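Values quoted throughout were computed directly from the atomic coordinates according to the rules given, and no laboratory measurement underlies them. As the structure is a computational prediction, the values presented were derived from the model and not from experiment. With ideal geometry, Cβ positions are generated from the backbone for all residues, glycine too; neighbour counts draw on all protein chains shown.
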Amino acid sequence: MNRSFWLLGGLKFILFASLFVAAAGYLTMNLWNWLVPELFHGPFITFWQTIGLLVLSRILFGGWGRGGRSGAWARRRRIWKQKMESRMAGLTPEEQERFRQKMQGACGPAWMRRRTTEDVS
């Protein structure tokens, strides 16, 4: 690939990113100025204050993207689930049932536990 192709791609990315930020800021500003002053008697905000709020919310809550904290949690949960399934596959049915009963007795309050067919009837 030649240098001008990468330069053009970079300029397109910058253009579309700035358009996205402007559209998100404009939409957020209009929603804020439409709802907050009337519902909560809050102030009207400018475009740059809106951009600041969006950046602050990104820092605090980590939204707007894949692979952030939520992606890491999903990945860890999937790995943990695969480990548990492989360990349970190595147990006999009697050992699996003893493990389930032990975990039900140890984990969480009774109202959060899964119901078995014996509990329902």
*With the checklist (1) assigned to a helix (DSSP H, G or I); (2) out of contact with any Phe, Trp or Tyr (no Cβ under 8 Å at 6 or more places or on another chain); (3) not β-branched (Val, Ile, Thr) in hand, flag the one item residue 25 doesn't pass.*
(2)
*Exactly one condition in (1) part of a helix (DSSP H, G or I); (2) touching a residue at least 12 places away in the same chain (Cβ under 8 Å); (3) hydrophobic (A, V, I, L, M, F, W, C) is not met by residue 80; state its number.*
(2)
